[in-house]
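Asker: This is the structure I want to talk about, given as structure tokens.
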Amino acid sequence: MIDPIILQQGSDWRAQAEVFDEIFFVFLALGTLVGTIVVAYTLWNVYKYRDDGGEPKADFDAPVVGELPTGQGGPKAKKLFLSFGLSAIVVISLVVYAYGILLYVEEGPDTSGEGDIEILVEGYQFGWEYEYPNGHTTTGEMIVPADQRIDIAVTSRDVWHNFGSSELRIKSDAIPGETNTNWFSVSSEEVEAQGGEATFRVECFELCGSGHSAMKGQITVLPQDEWEEWYEDTGGSSSSASIDAAAVGGVPA
Amino acid sequence: MSELPPTTSVKRWLVTTNHKDIGILYTITALFFLLFGGVLALLIRVQLWDPANQVLSGLAYNEAVTAHGLIMVFWFLSPFGFGFANYFVPLQIGADDLAFPRLNALSYWMYLFSGVLLGISFFQGGTLSAGWTMYAPLNIPMYTPSIGSTGAVLALAMFTIGITASTVNFLTSIHHSRAEGMGIMDMPMFTWGILATVWMMLFAFAALLAVGLILASDRVLGSVYFSATEGGSLLWGHLFWFFGHPEVYIVFFPALGVMLELFQTFSGRRLVGRKWVIISICLISVQSFLVWMHHMFLTTINLEIKTLMMATTIGISLPFDLVVFSLIYTLIKGRIQFTTPFLFAFGALLLFILGGITGVFLGAIVLDYEFRGTYWVVAHFHYVMFGGATALFGGAYYWFPKVTGKMYDELLGKLHFVIFFVSFNMVYFSMFLGWETPRRVFEYNPQFQTFHQIGTIGAFILGFSFFIMFYNFAKSYVAGEPAGDNPWDYSRTAEWAVSSPPPLENWPNRPSYASGKLEFVKDYVPDGGPAVKADGDGNAATDGGNSHSDHIKEYPYWDKHPSHASIWPFALSLMTGFFLFGLSGFSDSVTFIVGETLASTSVEISNAVYPVFIVVGLVGLIASGVKWGLEDFYAPPSEFAERWPFNGVEKVKLGMWFFLASDVIVFGAFLSAAIFVRYNAGWMTWEPLTESLPGLINTFVLITSSFTVILALVAAHRNSRQGLLASLGATILLSFTFLGIKMWEWHHEVFDRGVMIGSNAHGDPIQASIYYVTTGLHGLHVVIGVLIASYLFVRAYQGHYLDDERPVEYFGLYWHFVDIVWVFIFPLFYLF
């Protein structure tokens, strides 16, 4: 089931974590820059125009009680619109940039559907159950191969949960009656770097009851061959499949 | 009508309808809830000290998180802002009081007693533990079974009812009672902030009321909306956030209004680009209803809608940019005075800038995917909402001299600000640093422990800083320096033109801006007639805000004196509280055993306390309502007022229109829920549950009754008592016919076809729920209509309404509305 051509392409994939890191950095850098400029400019002017007890300047026109606000405009409003225009340009270009990345994240890397593995994730109070294409199920720990696009279909059997792994930068609402999709992939380099078996913390990101805090899981990534060995042992042997595959998105079994 | 007792008497505070008294009550009550919510926050922070050691159980922690959110958002932030709104909006627009003083008192007491209900819910087996967002289906009894959970939901519903009354009141006041010469663009910025707030509240809180009623129905009556897998969870998300996003601005705009006011007063400069700031505020208010799905980016809504919501979300940040720049440029070339109020307002701006920038991050969907459900969100909304509230504390210092006549202690005030500002950033900036922690989780990744510990230390300092403020206010109230009428050099608005504290009826004479600045005009009152506008000689101009209350007020109207006291708002709210308290335990103490027929159906009561409260509350509620109607309470109309854009609409009629607008949203939400769920279930898979004939007959019955109400109005207009009685009587009879057919229909469904509110022998249970709940809400409106019509009938029999047929007309407006709603219900539930 593993096409070597797709494996080669694997090195060109950008994992969601990588994509996130880039866009987060761009936003953080720009946000810090804009914030610093605006705050510094404001603080400087507040200091500069403090009331030092001296005589008011000639053009200072003190308001009086009971006046109606008079019409304003002129050079001041020009400055206002200039700043407004600049901020609009910054914000809109950020969004256009972010939108391009959104399209990639929504679609995921193009693998022509070959070699993808689709796993059903079902949240329950308080844990996660995973169902593999062959019908095998595990709870708590999802075991997947490296260098492969993993598609997940996320739902819930009781209340609203949220399946997420901060390290992989993936997250999906698990809503009863709905099926949400997401994808991720982990490179074999990453697996090797973690000593032949990469693990990622899974947490629930939506309040789901008294055990919400402790609702943890794990994604374990094995090298291709090890995973296949493991997967073949499970082949069809499981009868614990509790999800009606057709009901949650017609997964090829 | 009773006389208003002195401020030293407890009775005064129970009966007062004066806007300034009620403003004080709101402020003090809101500060109490700040402490309540603050203690819960400290419990949360203690729990977060060490991810391996807990002081609270998981459930107790969830309760603390939920109640903290609910209390701070609903029972602290908004009411704190509305304390100032109550006190100062009438003063700023030159009105004697709000348009409906008793309704204002009702809003306050509803607010207070709803808070009491929420407090009680902790002792009813634990309060709600589903988070303040109350996501479905965690919010239904299957997952949160305690009576207290229902109590908390009903408390919120009661709060919402009070809010709706308050909204109608403020909208009517600002659009109806502005002093002569004060155009809508001339209003002070704080009043502008409140006006935008109440317009948003009118629609947003109606959606919350609807979703709260549906949830209450799920919890008390056993309907199955939010457990339905046909979109039940998403339905909650949509309805809640349709309210929830405008709510962010609803709590922020009063604070923004204070900032705009204080920046001007303490820089001696007028607002830069004032017109554009007002336009921005209006734009934000409209846009706030078009962004709600950005709270649901990770649900199953499709990419096109997400993209649209991203665009509107980023779009809404632009008018905010303009407002922020306007605030900054207003300071330039000013003479900035670093008083305590200014420090708080300025601090609020800095915090809001940080909150705003981090909000732009959340608007980018890819980033939101990762921030969703983390402390990034928690930090962001605290910077925005609590950051905004920072300006409200500035407002408290700013107006303290006006309300009490005493000056606060400046040194203590500045000390409060410094400690507040530093510890605020300790608490919430540390959340940005540890943002990967999931929300509402205490067993978090230990690598973030340092950040959470800094937050916990900051939280205790932050809590402590408020005691400096309380001490300052208490000390200054008792022994502060007299403040004078206008302690600020550059204040502009009218509240500074009267004494501190202002007299009961606010003005020495009628305030007017007709000449371009505030003047107090003495009107000529002919014997027994309405006031006549004074000519130039009668003008009594102020000398720059130094007029005093020792003028003897010559009231410009008839010899009838305006009323300021009524006990019925208090009684009505208390009884509503009783009723809802009873309702919270209804499903646990009362069981219906449905037999083959109505006769064989029995009721089992396991605990009589709750049903007794329901009955007592309901009877008391109706009795207080009748007493309210009979009370001779006089709220004088503003004779010469600016009313754009509602010129020529009478006060009560305007209020009625506002109320009906909010009711349109309530029914709109119920009907949208019906359509949304049916769409998710597969539109064509549902057949109408009922036969169409009874529905058709009822349609004709209701339309005919609309006609008879018009006849009643015509008869009253022609001074025909008999005609009035006959037409009202016919309306009542037709209503009873409608209700009779409705009862037959429900009886038929339950006993002949086995269709109950939570089960359905002929299809999806949710279809039965929607049918009963939607037609039930309409039926409830008909019942209320019958009650009002009966009241009118009795009063008409006693000879009323022939001189003044307006009550009949306003009832007619309501009744036509109820009929129009039916026109939408009929096809949806009986035809298709």
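Asker: Restricting to segment B:96-151, and then to whatever is of a type in the set (S, T, N, Q) and within 14 Å of chain A (Cβ to nearest Cβ), can you tell me which residue is nearest to residue B:86 (Cα to Cα)? Even if it seems obvious, please write down each step before you answer.
Answerer: Taking segment B:96-151 as the starting set, the residues that turn out to be of a type in the set (S, T, N, Q) are B:104, B:107, B:114, B:121, B:124, B:127, B:129, B:133, B:139, B:144, B:146, B:149-150.
Pick out the ones that are also within 14 Å of chain A (Cβ to nearest Cβ) and you get B:127, B:129, B:133, B:139, B:144, B:146, B:149.
On the way: B:127: 31, B:129: 33, B:133: 28, B:139: 34, B:144: 37, B:146: 36, B:149: 31 Å.
Within segment B:96-151, the match that is nearest to residue B:86 (Cα to Cα) is B:133.
Asker: Still on this model: Determine if segment B:47-54 includes at least one residue that is of a type in the set (A, V, I, L, M, F, W, C), within 14 Å of chain A (Cβ to nearest Cβ) and either within 30 Å of residue B:494 (Cα to Cα) or surrounded by 20 or more Cβ atoms within 10 Å (Cβ to Cβ) (or both).
Answerer: Taking every residue of segment B:47-54 in turn, at least one turns out to be of a type in the set (A, V, I, L, M, F, W, C), within 14 Å of chain A (Cβ to nearest Cβ) and either within 30 Å of residue B:494 (Cα to Cα) or surrounded by 20 or more Cβ atoms within 10 Å (Cβ to Cβ) (or both).
Asker: Moving on to the next point. So, of the residues in segment A:191-213 that are surrounded by fewer than 18 Cβ atoms within 10 Å (Cβ to Cβ) and within 20 Å of the chain's Cα centre (by Cα), which turns out to be farthest from the other protein chains (Cβ to nearest Cβ)?
Answerer: Per the stated criteria, the residue is A:199.
Asker: Working only within segment B:199-246, note down all residues that are part of a helix (DSSP H, G or I) and touching a strand residue (DSSP E or B) at 6+ places or on another chain (Cβ under 7 Å). Talk me through it step by step, then tell me what you get.
Answerer: Here is the first cut: in segment B:199-246, the ones part of a helix (DSSP H, G or I) are B:199-221, B:232-246.
Correct list: B:233 only.
Asker: Further question: For residue B:693, only one of the following conditions fails: (1) touching a residue at least 24 places away in the same chain (Cβ under 8 Å); (2) part of a helix (DSSP H, G or I); (3) out of contact with any Gly (no Cβ under 9 Å at 6 or more places or on another chain). What is its number?
Answerer: Result: residue B:693 passes all but (1).
Asker: Then there is this: It is to be established whether one or more residues within segment B:419-427 are surrounded by 20 or more Cβ atoms within 10 Å (Cβ to Cβ), under 30 Å from residue A:171 (Cβ atoms) and away from chain A (no Cβ under 14 Å).
Answerer: Yes: one or more hits.
Asker: Residue under question is residue B:85, and the condition is that it be closer than 30 Å to residue B:521 by Cβ, touching a residue at least 24 places away in the same chain (Cβ under 8 Å) and more than 14 Å from chain A (Cβ to nearest Cβ); does it hold?
Answerer: yes
Asker: If residue A:159 satisfies every condition in (1) part of a loop (DSSP other than H, G, I, E, B); (2) over 13 Å from residue A:128 (Cα atoms); (3) not basic (Lys, Arg) but one, which is the exception?
Answerer: The single condition residue A:159 does not satisfy is (2).
Asker: Taking residue B:299, is it of a type outside the set (Phe, Trp, Tyr), in a loop (DSSP other than H, G, I, E, B) and surrounded by fewer than 22 Cβ atoms within 10 Å (Cβ to Cβ)?
Answerer: Spelling it out, residue B:299 is indeed of a type outside the set (Phe, Trp, Tyr), in a loop (DSSP other than H, G, I, E, B) and surrounded by fewer than 22 Cβ atoms within 10 Å (Cβ to Cβ).
Rundown of residues vs (1) surrounded by 22 or more Cβ atoms within 10 Å (Cβ to Cβ); (2) in contact (Cβ under 8 Å) with a residue 60 or more places away in the chain; (3) out of contact with any Lys or Arg (no Cβ under 9 Å at 6 or more places or on another chain), yes/no style:
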position: B:281; (1), (2), (3): yes, yes, yes
position: B:284; (1), (2), (3): yes, yes, yes
position: B:287; (1), (2), (3): no, no, yes
position: B:327; (1), (2), (3): yes, yes, yes
position: B:335; (1), (2), (3): no, yes, no
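Asker: Just give me the residues in segment B:302-313 being β-branched (Val, Ile, Thr), surrounded by fewer than 22 Cβ atoms within 10 Å (Cβ to Cβ) and either in a loop (DSSP other than H, G, I, E, B) or touching a Leu at 6+ places or on another chain (Cβ under 9 Å) (or both), in sequence order.
Answerer: Applying the first criterion (β-branched (Val, Ile, Thr)) to segment B:302-313 yields B:305, B:307, B:312-313.
Retained after the next criterion (residues that are surrounded by fewer than 22 Cβ atoms within 10 Å (Cβ to Cβ)): B:305, B:307, B:312.
Those that are β-branched (Val, Ile, Thr), surrounded by fewer than 22 Cβ atoms within 10 Å (Cβ to Cβ) and either in a loop (DSSP other than H, G, I, E, B) or touching a Leu at 6+ places or on another chain (Cβ under 9 Å) (or both): B:307, B:312.
Asker: OK, next. Go over the candidates B:373, B:463, B:363 one by one and state the one that is over 25 Å from residue B:58 (Cβ atoms) and of a type in the set (Gly, Ala, Ser).
Answerer: Within the list B:373, B:463, B:363, the selection yields B:363.
Asker: Just to be sure I understand, how many residues within segment A:173-190 are at the interface with another protein chain (Cβ under 8 Å from one of its Cβ atoms) and among the small types (Gly, Ala, Ser)?
Answerer: So the first thing to find is which residues in segment A:173-190 are at the interface with another protein chain (Cβ under 8 Å from one of its Cβ atoms), and the list is A:173, A:175-180.
Then drop every residue that is not among the small types (Gly, Ala, Ser), which leaves A:177.
Total meeting the criteria: 1.
Asker: So residue B:592 clears everything in (1) part of a strand (DSSP E or B); (2) in contact with a Leu (Cβ under 9 Å, 6 or more places away or on another chain); (3) among the aromatic types (Phe, Trp, Tyr) except one condition, right? Which one?
Answerer: Unmet for residue B:592, out of (1) part of a strand (DSSP E or B); (2) in contact with a Leu (Cβ under 9 Å, 6 or more places away or on another chain); (3) among the aromatic types (Phe, Trp, Tyr): (2).
Asker: Six or more apart or on different chains, Cβ atoms under 8 Å: show the pairs whose first residue is in segment B:357-370 and more than 7 Å from chain A (Cβ to nearest Cβ) and whose second is not in a helix (DSSP H, G or I).
Answerer: Going by the 8 Å Cβ cut-off, the qualifying pairs are B:368/B:297; B:368/B:298.
Asker: Related question: Mind listing whichever residues of segment B:783-794 are in contact with a helix residue (DSSP H, G or I) (Cβ under 8 Å, 6 or more places away or on another chain) and either without any contact (Cβ under 8 Å) to a residue 40 or more places away in the chain or surrounded by 21 or more Cβ atoms within 10 Å (Cβ to Cβ) (or both)? Working first, answer last.
Answerer: Taking segment B:783-794 as the starting set, the residues that turn out to be in contact with a helix residue (DSSP H, G or I) (Cβ under 8 Å, 6 or more places away or on another chain) are B:783, B:785-793.
Listed by number, the residues that qualify are B:785, B:788, B:789, B:792.
Asker: Looking at segment B:584-624 only, could you name the residues that are crowded, with 16+ Cβ neighbours inside 10 Å and in contact (Cβ under 8 Å) with a residue 60 or more places away in the chain? I'd like the intermediate steps shown before the answer.
Answerer: First pass over segment B:584-624, keeping only residues crowded, with 16+ Cβ neighbours inside 10 Å: B:584-590, B:610-611, B:613-614, B:617-618, B:620-621, B:624.
Residues satisfying the conditions are B:584, B:585, B:586, B:587, B:588.
Asker: Further, regarding this structure: Exactly one of these conditions fails for residue B:21: (1) acidic (Asp, Glu); (2) in a helix (DSSP H, G or I); (3) touching a residue at least 24 places away in the same chain (Cβ under 8 Å). Give me its number.
Answerer: (3)
Asker: For residue A:155, are the conditions met, namely being over 24 Å from residue B:447 (Cα atoms), within 10 Å of chain B (Cβ to nearest Cβ) and surrounded by fewer than 17 Cβ atoms within 10 Å (Cβ to Cβ)? Steps first, please.
Answerer: Working: over 24 Å from residue B:447 (Cα atoms): yes; within 10 Å of chain B (Cβ to nearest Cβ): yes; surrounded by fewer than 17 Cβ atoms within 10 Å (Cβ to Cβ): no.
The answer is no for residue A:155.
Asker: Determine, yes or no, whether residue A:170 is of a type in the set (A, V, I, L, M), over 22 Å from residue B:444 (Cβ atoms) and either surrounded by fewer than 20 Cβ atoms within 10 Å (Cβ to Cβ) or within 10 Å of chain B (Cβ to nearest Cβ) (or both).
Answerer: Numbers: of a type in the set (A, V, I, L, M): yes; over 22 Å from residue B:444 (Cβ atoms): no; either surrounded by fewer than 20 Cβ atoms within 10 Å (Cβ to Cβ) or within 10 Å of chain B (Cβ to nearest Cβ) (or both): yes.
When the stated conditions are applied, residue A:170 does not pass them.
Asker: With B:189, B:201 as the choices, which residue is touching a Leu at 6+ places or on another chain (Cβ under 6 Å) and touching a residue at least 12 places away in the same chain (Cβ under 8 Å)? Give the steps one after another, and end with the answer.
Answerer: Numbers: B:201 fails: touching a Leu at 6+ places or on another chain (Cβ under 6 Å).
Matching residue, one of B:189, B:201: B:189.
Asker: Here's a follow-up. Provide a single number: the residues in segment B:371-416 that are touching a strand residue (DSSP E or B) at 6+ places or on another chain (Cβ under 7 Å) and more than 14 Å from chain A (Cβ to nearest Cβ). Please lay out each step first, then the result.
Answerer: Residues of segment B:371-416 touching a strand residue (DSSP E or B) at 6+ places or on another chain (Cβ under 7 Å): B:372-374, B:405-406.
With the extra rule that they be more than 14 Å from chain A (Cβ to nearest Cβ), the set shrinks to B:405-406.
Within segment B:371-416, residues that are touching a strand residue (DSSP E or B) at 6+ places or on another chain (Cβ under 7 Å) and more than 14 Å from chain A (Cβ to nearest Cβ) number 2.
Asker: Could you count how many residues in segment B:758-780 are part of a helix (DSSP H, G or I), in contact with a Phe, Trp or Tyr (Cβ under 8 Å, 6 or more places away or on another chain) and of a type outside the set (Phe, Trp, Tyr)? Explain how you work it out, then say what you get.
Answerer: Residues of segment B:758-780 part of a helix (DSSP H, G or I): B:765-780.
From the residues that got through so far, the ones that are in contact with a Phe, Trp or Tyr (Cβ under 8 Å, 6 or more places away or on another chain) too are B:766-767, B:769-775, B:777-778.
Filter again for of a type outside the set (Phe, Trp, Tyr), leaving B:766-767, B:769-770, B:773-775, B:777-778.
Number of matching residues: 9.
Asker: With respect to residue B:470, determine if the residue is surrounded by fewer than 18 Cβ atoms within 10 Å (Cβ to Cβ) and either in contact with a Lys or Arg (Cβ under 8 Å, 6 or more places away or on another chain) or in a loop (DSSP other than H, G, I, E, B) (or both).
Answerer: For residue B:470, the condition - surrounded by fewer than 18 Cβ atoms within 10 Å (Cβ to Cβ) and either in contact with a Lys or Arg (Cβ under 8 Å, 6 or more places away or on another chain) or in a loop (DSSP other than H, G, I, E, B) (or both) - is not met.
Asker: Across segment B:318-349, what is the total count of residues that are outside any helix (DSSP H, G or I) and at the interface with another protein chain (Cβ under 9 Å from one of its Cβ atoms)?
Answerer: Total meeting the criteria: 7.
Asker: How many residues are more than 7 Å from chain B (Cβ to nearest Cβ), over 16 Å from residue A:22 (Cβ atoms) and free of Cβ contacts under 8 Å to residues at least 40 places away in the same chain when one looks only at segment A:93-110?
Answerer: Number of matching residues: 2.
Results for (1) more than 10 Å from every other protein chain (Cβ to nearest Cβ); (2) over 18 Å from residue A:159 (Cα atoms), shown as yes or no for each residue.
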{"position": "B:235", "(1), (2)": "yes, no"}
{"position": "B:238", "(1), (2)": "yes, no"}
{"position": "B:243", "(1), (2)": "yes, yes"}
{"position": "B:259", "(1), (2)": "yes, yes"}
{"position": "B:266", "(1), (2)": "no, yes"}
{"position": "B:271", "(1), (2)": "no, yes"}
{"position": "B:282", "(1), (2)": "yes, yes"}
{"position": "B:300", "(1), (2)": "no, no"}
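No lab work stands behind these numbers, since they all come straight from the coordinates. Nothing here was measured: the structure is a model prediction, and the numbers come from that model. Positions of Cβ are backbone-derived with ideal geometry, glycine not excepted, and every protein chain shown enters the neighbour counts.
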